[in-house]
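Accompanying notes for the structure given below.
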Amino acid sequence: MTATNPAVPAAAEGGLETVRVITETLRIVTDKRLELYNLTEKVADIVKRHDIKGMLNKVVSPRDEWRHNDPAHSDCDRQNAHSHLQATLLGHALSFPVTKGKLVLGQFQAIIAAELDGPRNRDVAIQIIGR
């Protein structure tokens, strides 16, 4: 496994702030024509070392100045521009397979909702499509 940690400039108050980017490569050595590898544990180990909340706050800081928070540009009084921008990094829609009437997830998979602008009440739309 190899890792690189290049520094990437990101906008911040008064100039540029360095944001750390982690890139890791898993090397698989094969010795058969056809092989299957379960990478779940290796990927889970990588995820444990990288704090998603910390990354969101570094990439899109709540302390930065955003037009959405400026009364000259928006009538929103929640000062929550960062939460809207962080949400764009996570995505808004997911699809999951259903087989024989049961939700099919991998052994370590879970459906997780991320609150980025709480506390709030949220409604999650569930749509089931099939025969």
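Summary table
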quantity	calculated
Theoretical gain in end-to-end length, residue 50 to residue 111 [0.36 nm per residue, Cα-Cα removed]	20.0 nm
Calculated from backbone phi, Karplus (6.51, -1.76, 1.60) coupling profile of region 70-76 in Hz, x at Gly/Pro	8, x, 6, 10, 8, 9, 6
Mean Cβ neighbour count within 10 Å, used as a protection proxy, ranking 119-129, 95-105 highest first	95-105, 119-129
Estimated distance in nm for a label pair at residue 79 and residue 63, the labels positioned 7 Å out from Cα along Cα-to-Cβ	1.3
Cβ-defined net charge surrounding residue 71, 13 Å radius [Lys, Arg +1; Asp, Glu -1]	-2
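A short reminder: the numbers here are calculations on the coordinates, not readings from a lab. All values derive from a computational prediction rather than experimental measurement. Note that we place each Cβ from the backbone using ideal geometry, even for glycine, and neighbour counts take in every protein chain shown.
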